[in-house]
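Chemist: This is the structure I have questions about; it appears just below.
The values are calculated or read from the model by the stated rules, or taken from the named source; none is laboratory data. None of these values were measured; they are calculated from a predicted model. FYI the Cβ positions are ideal-geometry reconstructions off the backbone, even for glycines, and counts take in every protein chain you see.
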Amino acid sequence: MIFLYALGVGILLGYVAHGRLRQLTSLSFRVLWLIPLALVIQLLIFPLFSERPLIAFATPVLHVVSYAILFLWLLLNRSIRPVWMIGIGALLNAGVVLANGGYMPSSATALGQAGLGSTAATLLVDGTYGNVVLMGTDSRLNALGDWLFLPSWIPGATAFSIGDLLIMVGLAWLVVKGMRGNG
């Protein structure tokens, strides 16, 4: 959900820059189908609105596989400048996930501030929830984990990482670039 805000900001900025939505077709991506494939894998192991995966085995391995698919797409589309920003954010996230056994460290405080008190409570009790692990002394690279947050009054508020922030900036930039016909 949080990445939809980046797309919305990109569209708004694209119009401010005198771009048009129909110009987004000027972006010529290679093997675009890899993005939905990575997303489907993530949704199978970390479904929305549920703490139970649809595929309950090999979750950390499948999480890493989804990142590998994403990195393949990023590598194949590296000639598009905003893809570099997205790639840096994804690389930061992947590094944290790999360092923590396939899970992203998340701050219970940030989750609570985002209005996700039940998720924070479960995380405090169980230590993991979906694709996150409780951020603490046992988790690694906490500065790159989910400690930033959107306030609870924003629909879809959640905790997010610096990597996610860079991905969102890259997505907004990509939309603006596309709307201006600079594909």
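Chemist: Cβ-Cβ distance below 6 Å, separation of 6 or more or different chains: which pairs start in region 122-144 with a residue that is under 18 Å from residue 45 (Cα atoms) and end on one that is among the acidic types (Asp, Glu)?
Modeler: 129/51; 130/51
Chemist: Given the conditions (1) over 30 Å from residue 126 (Cβ atoms); (2) at pLDDT 90 or above; (3) not basic (Lys, Arg), and given that residue 27 satisfies all but one, which numbered condition is not satisfied?
Modeler: Of the numbered conditions (1) over 30 Å from residue 126 (Cβ atoms); (2) at pLDDT 90 or above; (3) not basic (Lys, Arg), the odd one out for residue 27 is (2).
Chemist: From the list 110, 94, 68, exactly one residue is surrounded by fewer than 18 Cβ atoms within 10 Å (Cβ to Cβ) and outside any loop (DSSP other than H, G, I, E, B). Which is it?
Modeler: When all the criteria are applied, what remains is 68.
Chemist: Still on this structure, please answer the following. Taking the condition surrounded by fewer than 20 Cβ atoms within 10 Å (Cβ to Cβ), out of contact with any Cys (no Cβ under 7 Å at 6 or more places or on another chain) and under 29 Å from residue 20 (Cα atoms), does residue 150 pass?
Modeler: Against the criterion (surrounded by fewer than 20 Cβ atoms within 10 Å (Cβ to Cβ), out of contact with any Cys (no Cβ under 7 Å at 6 or more places or on another chain) and under 29 Å from residue 20 (Cα atoms)), residue 150 qualifies.
Chemist: Tell me yes or no: at least one residue of region 71-90 is modelled with pLDDT under 90, in a loop (DSSP other than H, G, I, E, B) and either of a type in the set (Lys, Arg) or surrounded by fewer than 22 Cβ atoms within 10 Å (Cβ to Cβ) (or both).
Modeler: No; the residues of region 71-90 include none that is modelled with pLDDT under 90, in a loop (DSSP other than H, G, I, E, B) and either of a type in the set (Lys, Arg) or surrounded by fewer than 22 Cβ atoms within 10 Å (Cβ to Cβ) (or both).
Chemist: Sticking with this structure for a sec: Filter region 57-71 for residues that are in contact (Cβ under 8 Å) with a residue 40 or more places away in the chain and out of contact with any Pro (no Cβ under 7 Å at 6 or more places or on another chain) and give the result.
Modeler: Answer for region 57-71, where residues must be in contact (Cβ under 8 Å) with a residue 40 or more places away in the chain and out of contact with any Pro (no Cβ under 7 Å at 6 or more places or on another chain): 60, 61, 63.
Chemist: Would you check which residues across region 1-36 are β-branched (Val, Ile, Thr) and either closer than 25 Å to residue 156 by Cβ or assigned to a helix (DSSP H, G or I) (or both) and list them?
Modeler: Result: 2, 9, 11, 16, 25, 35.
Chemist: While we're here: Specify the residue that is farthest from residue 107 (Cα to Cα); the eligible residues are those in region 117-131 that are surrounded by 19 or more Cβ atoms within 10 Å (Cβ to Cβ) and not polar (S, T, N, Q).
Modeler: By that ranking, first place goes to 130.
Chemist: Select from region 1-39 the residues that are without any contact (Cβ under 8 Å) to a residue 24 or more places away in the chain, farther than 18 Å from residue 170 by Cβ and surrounded by 12 or more Cβ atoms within 10 Å (Cβ to Cβ) and list them in ascending order.
Modeler: Matches in region 1-39: none.
Chemist: Could you pull out the residue among 172, 143 that is surrounded by fewer than 22 Cβ atoms within 10 Å (Cβ to Cβ) and either β-branched (Val, Ile, Thr) or assigned to a helix (DSSP H, G or I) (or both)?
Modeler: The match here is 143.
Chemist: In region 130-148, what residues are hydrophobic (A, V, I, L, M, F, W, C), modelled with pLDDT of 95 or more and touching a Phe, Trp or Tyr at 6+ places or on another chain (Cβ under 9 Å)?
Modeler: Matches in region 130-148: 135, 147, 148.
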